[in-house]
């Protein structure tokens, strides 16, 4: 990780489930942090990325991990479940800035 990155892995002690949290000084992460939503996780109110920001982050993580199919599948599932309420112009703008337009197109974001 670079000098302005923070990665926190929250693990549920009894269930073993984990939730990763990563934040950098990059403009996308600043936007992602500003747009975060609070949802219940393991009975606690936790800040999480919006569906749009999760969809955008997954291809970035996929590339960082050498082309992870898991990240692409996660992005596809979020897109399928959240499609009616997604902010498509926001997705398009940030996909262009992050260089993941082809990944977003592969998910069918314009449908």
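The values are calculated or read from the model by the stated rules, or taken from the named source; none is laboratory data. Quick caveat, the model's predicted, so the values are computed rather than measured. With ideal geometry, Cβ positions are generated from the backbone for all residues, glycine too; neighbour counts draw on all protein chains shown.
Quick notes
- Test: residue in segment 73-89 that is within 17 Å of residue 24 (Cβ to Cβ) and touching a helix residue (DSSP H, G or I) at 6+ places or on another chain (Cβ under 7 Å): no
- Scanning segment 11-35 for residues that are modelled with pLDDT under 70 and touching a helix residue (DSSP H, G or I) at 6+ places or on another chain (Cβ under 7 Å) yields one hit, 23.
- Residue 38 vs. criteria assigned to a helix (DSSP H, G or I), surrounded by fewer than 19 Cβ atoms within 10 Å (Cβ to Cβ) and either on the phi < 0 side of the Ramachandran plot or in contact with a helix residue (DSSP H, G or I) (Cβ under 9 Å, 6 or more places away or on another chain) (or both): no
- Number of the condition not met by residue 56 [criteria: (1) more than 16 Å from residue 28 (Cα to Cα); (2) in contact with a helix residue (DSSP H, G or I) (Cβ under 6 Å, 6 or more places away or on another chain)]: (1)
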